[in-house]
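So the structure is just underneath, and the comments pick up after that.
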Amino acid sequence: QVQLVESGGGSVQAGGSLRLSCAVSGSTASFAVMGWYRQAPGKQRELVASVSFGGITNYADSVKGRFTISRDNAKNTAYLQMNSLRPEDTAVYSCNAGRTWSTGPYWGQGTQVTVSS
């Protein structure tokens, strides 16, 4: 059974950095696209960033220049480096994986990111 195991969330002050990791377990197959979504209280879930197997990336306008998504295909793991964090980045961040650029069928459990001013 495929599982996405996330780590790296936490609390940080504005301007700080966090790095999220998403490791695929239960499968040796690599997903064509892996991404990170976030959902803040009272708001809809939104795509933060996604990356293809070949390294093509896509970012939400709100995080461009601050966040970097990457993946290590040998480790079947995706990363989200978040710099210059802002209070409005506070949300539950969830890893997603699938075979197209559309939202995939596999989700991680979610990790809380809290940015204080």
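The values are calculated or read from the model by the stated rules, or taken from the named source; none is laboratory data. Predicted model only: the values in this text are computed from it and were never measured. Here Cβ is always computed from backbone atoms with ideal geometry, including for glycine, and neighbour counts include all displayed protein chains. For accessibility, only protein heavy atoms count, side chains too; no ligands or nucleic acids. Shrake-Rupley method; radii C 1.70, N 1.55, O 1.52, S 1.80 Å.
Table for the structure above
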{"item": "Value of Rg to Rh for region 49-117 (Rh from inverse mean 1/r over Cα pairs, i.e. Kirkwood)", "result": "0.96"}
{"item": "Residue of Ala74, Ala49, Ala29 that the Gaussian network model of the chain assigns the largest fluctuation, springs spanning Cα pairs under 10 Å", "result": "Ala74"}
{"item": "Area accessible to solvent at Lys64, 1.4 Å probe radius, in Å²", "result": "120"}
{"item": "Mean separation of Cα contacts under 8 Å (6+ apart) over length of region 4-105, as relative contact order %", "result": "34"}
{"item": "Centre separation in Å (Cα based) which lies between region 50-117 and region 1-24", "result": "9"}
{"item": "Region 6-102: chymotrypsin sites (Phe, Trp or Tyr not before Pro) falling in loop per DSSP and having at most 16 other Cβ within 10 Å", "result": "Phe53, Trp101"}
{"item": "Built amide H within the under 5 Å cut-off of Phe67, gap 5+", "result": "Asn83"}
{"item": "Within a Gaussian network of the chain (alpha carbon springs, distance under 10 Å), most fluctuating of Gly16, Gly98, Gly42", "result": "Gly42"}
{"item": "Region 1-41, relative contact order [Cα under 8 Å, separation at least 6], %", "result": "42"}
{"item": "Cα-centre dipole for the chain with unit charges at Cβ (Lys and Arg positive, Asp and Glu negative), debye to 20", "result": "80"}
{"item": "Residue of Thr77, Thr28, Thr90 that the Gaussian network model of the chain assigns the largest fluctuation, springs spanning Cα pairs under 10 Å", "result": "Thr28"}
